[in-house]
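Encoded as structure tokens, the structure appears first; notes follow it.
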Amino acid sequence: VTSVYLLIFLTGLSGNVLTCAVIAKHKKMRNPTNLYLVSLAVSDLLVLLFGMPLEVYDLWSNYPFPFGTGGCYFKTFLFETVCFASILNVTALSVERYIAVVYPLKTRYLSTNRHAKRAITAVWAVSMICAVPNTSLHGMFYVPERMEESATCTVLKPLWIYNVVMQITTVCFYFVPMMVISALYLVMGLHLCRERRLPAGVLGKNCGSVIRRKNSVNGRRRQINKMLSIVVAVFGVCWAPFHIERLLWSSITQWTDSMHAVYQYVHIVSGVFFYLSSAVNPVIYSLLSTRFRECFRELVCSQAEDNSSVRDSPPLPMTLLEATVSRGAARAEGKDSNTGLPL
């Protein structure tokens, strides 16, 4: 299991960092959809950087918890915040795509970078607030003699309170959002199917250029929606074992040995799938989005070329260097102004 976690960690870390770097480097990639993808990548990075090391530590040594009471609160708060932020980011992204596809004329006013930034801020604020109840139930537990070697970060408050919190958050932050997201993508799919059949009959034979342009736009929308629907589907599948584990823990009152064995199996599977969801999104982008794939390749190749040129090239005279840089900047500006880099 540790080797699987290591592979997920390296893939997810490099992929999510590349995603953020690509969108930060290319101005035309900074659209509302990609801003939500950056927010999702940030939550994935937090999961990988802070959650996975503690998960691996727990696999090898359940106690003592090495970071004290403050570390216990921080671990629980961060984990809950990132869990809530991930599903809310996916929901907000789906709403943004729904507006862009079903109400394209309202996109100029509703699907803007400013609105996306406000929505992302609200997502993280709500996630932090909703993480407080579960965090307040946790703390450091010691055996009666209070031996430091027995310290564990666990639930200290009555279990029935914890069970109620788990059931409410599972419904509100998994089942309800996934139902809403599924309904939105169903409506978008039906709308795009209707639009695909509409132009030939409505616009007539004399509007070939309009039809081609409209088909091109709709084709781009279908590509984006296909990619994002796969992201949502993978997200739902990867997070299902995690929430099943939570429901098992919160619904069983009397445990038997067989139940413990099943729970341990579910716990391992849910952990692998949970962290896999933080690593798989950049892979989906590179496979299904031509723009992302080109930008990934450009970013990696440019870094390699920069490193090789620094090592191998002789220094240029300052005047020649300045002229070369200015010509390159002019060409880059001309290219960016004429070529959009949407998702």
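A short reminder: the numbers here are calculations on the coordinates, not readings from a lab. The model shown is predicted, which means the values in this text are computed figures rather than measured ones. Because the Cβ atoms are built from the backbone with ideal geometry, glycine has one as well, and the counts that use them run over all protein chains shown.
Please compute the modelled spin-label separation between ILE161 and MET259, points set 7 Å along Cα→Cβ, answer in nm with one decimal.
2.3
Could you grab the Rg to Rh ratio for segment 4-65? Cα atoms only, Kirkwood for Rh.
1.14
Fewest to most neighbouring Cβ within 10 Å: what's the order for TRP255, TRP249?
TRP255, TRP249
Just want the ordering: MET140, MET259, MET128, from fewest to most Cβ atoms lying within 10 Å of their own Cβ.
MET259, MET128, MET140
Please arrange SER61, SER182 by counting, for each residue, the other beta carbons lying within 10 Å of its beta carbon, fewest first.
Taking fewest neighbouring Cβ atoms as first place, the list is SER61, SER182.
Principal axis extents for segment 2-308, Cα atoms only, whole Å, descending order, please.
87, 52, 36
Relative contact order of segment 2-308: what whole-number percent is it, with Cα pairs under 8 angstrom and at least 6 residues apart?
24
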